[in-house]
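Contents: one structure, followed by commentary.
None of the figures in this text is laboratory data; all of them are computed from the coordinates on show. Computed from a prediction, not measured in an experiment: that's the story for all the values here. Here the Cβ is made from the backbone with ideal geometry for all residues, glycine too, and neighbour counts use every protein chain on show.
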Amino acid sequence: MNPVPTSMAAPPAVPFVAASAIGKSYGGAQALHGAALSVLPGEVHGLVGANGAGKSTLIRILAGLTQPDTGEIAIEGRPVAIASPHEASALGMSFIHQELAFVPDMTVIENIMLGLPKKKTRLGLVDWAAIQRDVAPIIERVGITAPLDAAAKSLSTAENWLISIARALVWKARLIVMDEPTASLSAGECRKLFSIIRGLSASGVAVLYCRTGWTRSSICAAASPSCAMAGRSRSSRVPS
Ligand SMILES: Nc1ncnc2c1ncn2[C@@H]1O[C@H](COP(=O)(O)OP(=O)(O)OP(=O)(O)O)[C@@H](O)[C@H]1O
Ligand SMILES: [Mg+2]
């Protein structure tokens, strides 16, 4: 077989998000020093490190909650300054923090739509029937089986995780960042989450999966086939 001429070779893939030389200090403590991250569309990465390694700091920078002291971030090759969570969302990133953002007294569908623009009827009321029709394929995709009018407080932590993932998909996130997703899930619930993550990856949604510590069973199953370790020892960066 003839080799593909150089001129016809596929161009190198552009990462959905690329961060380089990220530095962040809090007083005397350097939380991040020269941190780099590159996530292609549909890739699943594990952001793994010891307590204090800087994982949450890096996530907070991507989320627009904290500004880095140094470094650059590019989305699809375009340098960006992420000044606020609103800007992070507009750039296609969705963040699921360990403390899940949901309102216990609201229903499943109201929680999925939390903070998202909602279709209105001609009378200016929220058109929940239309919203439910629009969201139905996403609900099926992430495997939410609870009734959409059930109160979120009646659901398990795992089911509320699914609500957060559904919210990210309604928002059409290209990257979903999950902070310590398995911390409060059972082994069976973790397997379900890993299967959802593989499905997200197959549909081109990238996942950054943050986890303290490292064991094969805790992350590799989710992060296959692409897993990049990040984080570092904190001791060398914190003055005594
Ligand atoms: N707002 C803050 N003010 C002062 N120091 C902070 C702040 N946020 C983080 N740090 C420090 O920065 C370093 C990195 O913290 P970070 O929370 O990013 O680590 P982590 O990898 O998420 O740790 P963990 O596994 O415990 O969640 C730590 O030394 C931490 O004490
Ligand atoms: Mg953290």
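Listed values, structure above:
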{"item": "Partner aspartates and glutamates for Lys24 [C-alpha distance under 17 Å; skip if fewer than 8 residues away on the same chain]", "result": "Asp69, Glu72"}
{"item": "Packing-based exposure ordering (other Cβ within 10 Å, fewest first) of Cys210, Cys190", "result": "Cys190, Cys210"}
{"item": "Label point distance in nm, Ser195-Ser25, each placed 7 Å from Cα along Cα→Cβ", "result": "4.9"}
{"item": "Dipole of the chain, positive direction: furthest Cα of Ser20, Ile59, Ala158, with charges on the beta-carbon", "result": "Ser20"}
{"item": "FRET efficiency for Ala158 and Glu76, using Cβ-Cβ distance with R0 set to 35 Å, rounded to 0.05", "result": "0.60"}
{"item": "Gaussian network model of the chain, Cα within-10 Å springs - most flexible of Ile131, Ile73, Ile59", "result": "Ile131"}
{"item": "Percent RCO, i.e. relative contact order, over region 88-214, from Cα pairs under 8 Å lying at least 6 residues apart", "result": "34"}
{"item": "Residues Arg211, Arg133 arranged by fewest to most Cβ contacts within 10 Å", "result": "Arg133, Arg211"}
{"item": "Segment Val126-Ala202, length gained on full extension (0.36 nm per residue, minus Cα span)", "result": "24.1 nm"}
{"item": "Glu87 paired with Ser38, simple spin-label distance in nm, labels 7 Å along Cα-to-beta-carbon", "result": "2.4"}
{"item": "Computed E for Gln67/Lys118 - FRET, C-beta separation, R0 41 angstrom, nearest 0.05", "result": "0.85"}
{"item": "Percentage relative contact order, region 102-172, counting C-alpha pairs under 8 Å, at least six apart", "result": "47"}
{"item": "Sorted by Cβ density within 10 Å, fewest first, the residues Lys118, Lys172, Lys192, Lys24", "result": "Lys172, Lys118, Lys192, Lys24"}
{"item": "Loop-located GluC sites (Glu not before Pro) in region 1-96, at most 16 other Cβ atoms within 10 Å (DSSP)", "result": "Glu76"}
